[in-house]
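**Q** After the C-alpha cells below, expect a handful of questions from me.
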Ligand code: GLU
C-alpha cells in the first residue's frame, strides 16, 4: 500500500451523531489504522440554517467517546484544530470554493443560470405530468453574452450550474466493484453555487477532498448516486479522482430502511441506555464487515489489525438490537471491577434522580454486588431492573404474591413459616449457604415444592419474579429488610382475606 493513504469522515452538524455516521467513521478509521494512513475529520457546515454548535459537539464528543480518533481536523488531541490542510470546517473555506467556481466558469464547465424558482417549479410539474424524472431543461445553458447581460441588468444574480456531459461515468468501487451510471440519469446540469453565493454539497465535497488530498472516499451506499456528479467535478477541476468505497446500508431487522423517525438512530440514545463503547464499536464494525471467522467479540485494537475494506459486504446490514445487547453483555463481563462500578454509578444515580429507585447505592455496595449482577446485565442501565429492589420499597401486591399452584392462605402460611425459619438466623449466620438448607427442609416437611415456596419469598422480598439467585438476594437485602418485607407480605395477604 502506498504510504499516502488519506481518508475522511465529513459529518454535517445538522443532527446528532447517527449510527450510520459512527459506522462510516469507524470503517474509515479502521482502514486508515490498518494501512498506516491518515484519517481526517471535516465539518460540512454549509447548511447554515440547520447546522448547530450543539450538534457539532454531539458528533465530535460521540466519536471521541467511542474511541474513534482522527489525525487532522477539529478536536484533535484536545486542540481547537490540527492538521496541515486547516481549516477543516467548510464555512471557513468559502474562498476556495469561490476560486474553484471561477475556474469552472472561465472554462465554461459551469454557467450562470437565471431561472426563477417559479420557472423551475413549472418545469418540475411539467415533467411530473409527463411522468418524467425531475431534470433541469437547460434553459440557461447556452445564453449569449447579451442575454446574460440583460438578466444581470434586471438585478438577477444567477446560480452556478455545472454542465453534465453525455455518456457514462464509471468507477471501480472497493466494495461494489464496477459501477457505471449514465449521466442522462443525473437530472441534468446541477447547481453548485446558489444565487446568494452559498456553495452546495456536491461542489464543496469535491473541492475539499482534492484540497485535503483524500485518496479514498469511504461512505454510505446512499451516496452512490452522488458519486458520478463528484467524478465529473473532479475531472472538470483537473483533480485526480479518489478511490471510492460505498458501505452497505444499515437496515432494520426486517430488512426495511432505517429512518430517524421509526428507529433509534442517535448514538447518544444508545449511550444513555447503557451500551458500552466496546460493544458499540464491536457491533458497528460488524455492520457490513466480518473477519470471515466465527469470532464475534473484538476490541478496537484487534479490529484495527484485522479490518480489510475488501471484506466489506455489498448487501444491506441489518441492525439487530438483541444481538447488540448480547454483545454488550459480553463486554460487561470483560470489564474490570472498578471500571464496571465506575460505569454503573451514573446509571444508578440517574435512576435515583428519576425516582426509579429511592436511593442511589454507593461504590462499595455496587462492588459487593458484582458477582450477583455482572452476568445478568445486558446494559449498564439494566442494573435497576436486576437489583433495583435493593434500593426501593417493595409494596406487596397480594395477587402477585401467590405462586401458580398455591392459593392465598397457603402463601400466607408458607411465608409465615419461612419468616420463622429465617428469623432464627442472626446476622452472623446470614449467609446464602446457611439460609438455604432450613428453607428446603421446611418445604419438604410441609409437602410443598421448594420452587413454590422460593417463588413466594422472592415475590415478597423483591416484587419481581426474575432475580439473581434467591439466597444471594436475601444476603444482599440483609436480615432486617428481608424479615420486614416478609412481614409486610404476610400482612397484605391476610388483610386481603
Ligand atoms: N456531509 C456529507 C454527509 O454528511 C458527507 C458525505 C460524504 O462523505 O461525501 O452525508
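Coordinate-derived values only; no laboratory data. If you're wondering where the values come from, they're calculated on a predicted model, not measured in any experiment. Heads up, the Cβs are rebuilt from the backbone with ideal geometry, glycines too, and the neighbour counts pull from every protein chain shown.
**Q** Where does each of 64, 246, 425, 216 land when they are ranked from fewest to most other beta-carbon atoms within 10 angstrom?
**A** Details: 64 14, 246 23, 425 17, 216 20.
The order, fewest Cβ neighbours first, is 64, 425, 216, 246.
**Q** Mind checking the angle between helix 53-66 and the chain's longest principal axis? C-alpha axes, 0 to 90 degrees, to the nearest 10.
**A** In the chain, helix 53-66 runs at an angle near 60 degrees to the longest axis.
**Q** To make sure I understand, if each residue's beta carbon is the centre and we count other beta carbons within 10 Å, what order do 35, 428 fall in, fewest to most? Walk me through the numbers before you get to the answer.
**A** On the way: 35 16, 428 8.
With the sparsest Cβ surroundings first, the list reads 428, 35.
**Q** Another question about this same structure. Tell me, 247, 372 in order of fewest to most beta-carbon neighbours within 10 Å?
**A** Details: 247 27, 372 18.
The fewest-first ordering by Cβ neighbours comes to 372, 247.
**Q** Can you give me the C-alpha center-to-center distance between the stretch 33-82 and the stretch 366-390, rounded to a whole angstrom?
**A** One Cα centre to the other: 34 Å.
**Q** Counting DSSP beta bridges in the chain, what percent are antiparallel, to the nearest 5? Mind dumping the intermediate values first?
**A** Values: 18 of 32 bridges.
Restricted to the chain, the bridges split so that about 55 percent are antiparallel.
**Q** Here is a further query. Pairing the Cα long axis of helix 363-373 with the longest principal axis of the chain, what angle in degrees results, from 0 to 90 and rounded to the nearest 10?
**A** 90
**Q** Continuing with this model, one more query. In whole angstrom, note down how far apart the Cα centers of the stretch 206-258 and the stretch 404-436 are.
**A** Each part's Cα centre sits 67 Å from the other's.
**Q** Also, I was wondering about something else. Any idea what the relative contact order of the stretch 1-120 is, in percent, if you count C-alpha pairs under 8 Å spaced at least 6 apart?
**A** Details: 152 pairs, mean separation 28.7, N = 120.
The value is 24 percent.
**Q** For residue 334, put the label point 7 Å out on the Cα→Cβ axis and report which residues of the stretch 273-298 keep their amide N under 15 Å from it.
**A** Zone members listed by number: 276-286, 291, 294-298.
**Q** Percent relative contact order of the stretch 407-497, based on C-alpha pairs within less than 8 angstrom and at least six residues apart?
**A** Working: 74 pairs, mean separation 40.1, N = 91.
After rounding, I find 44 percent.
**Q** Mean separation of Cα pairs under 8 Å and 6+ residues apart, divided by the residue count of the stretch 133-278: what relative contact order is that in percent?
**A** It comes to 21 percent, rounded to a whole number.
**Q** Another question, then. Round to a whole angstrom and tell me the spacing of the C-alpha centers of the stretch 127-165 and the stretch 335-358.
**A** Going from one Cα centre to the other spans 61 Å.
**Q** Please give the per residue volume of the convex hull enclosing the alpha carbon atoms of the stretch 90-196, rounded to a whole number of Å³.
**A** Details: hull volume 16.6 nm³, N = 107.
Expressed per residue, the convex hull around the Cα atoms of the stretch 90-196 is 155 Å³.
**Q** Out of all DSSP beta bridges with both ends in the stretch 1-143, state the antiparallel percent to the nearest 5.
**A** Working: 2 of 8 bridges.
Here the antiparallel bridges make up roughly 25 percent for the stretch 1-143.
**Q** Calculate, in nm to one decimal, what residue 69 and residue 53 gain on full extension: separation in residues at 0.36 nm each, minus their alpha carbon distance. It would help to have the intermediate numbers written out before the result.
**A** Values: separation 16, 0.36 × 16 = 5.76 nm, distance 1.98 nm.
This chain segment gains 3.8 nm when fully extended.
**Q** Can you tell me the orientation of helix 432-446 relative to the chain, as the angle in degrees between its alpha-carbon axis and the longest Cα principal axis, to the nearest 10?
**A** It works out to around 60 degrees.
**Q** Right, something else. So what is the calculated 222 nm ellipticity per residue for the chain, using -39500 (n - 2.57) for each DSSP H run with n of 4 or more, over all residues, to the nearest 500 deg cm²/dmol? Walk me through the numbers before you get to the answer.
**A** Numbers: 20 runs with 229 residues, N = 497.
Computed ellipticity for the chain at 222 nm equals -14000 deg cm²/dmol.
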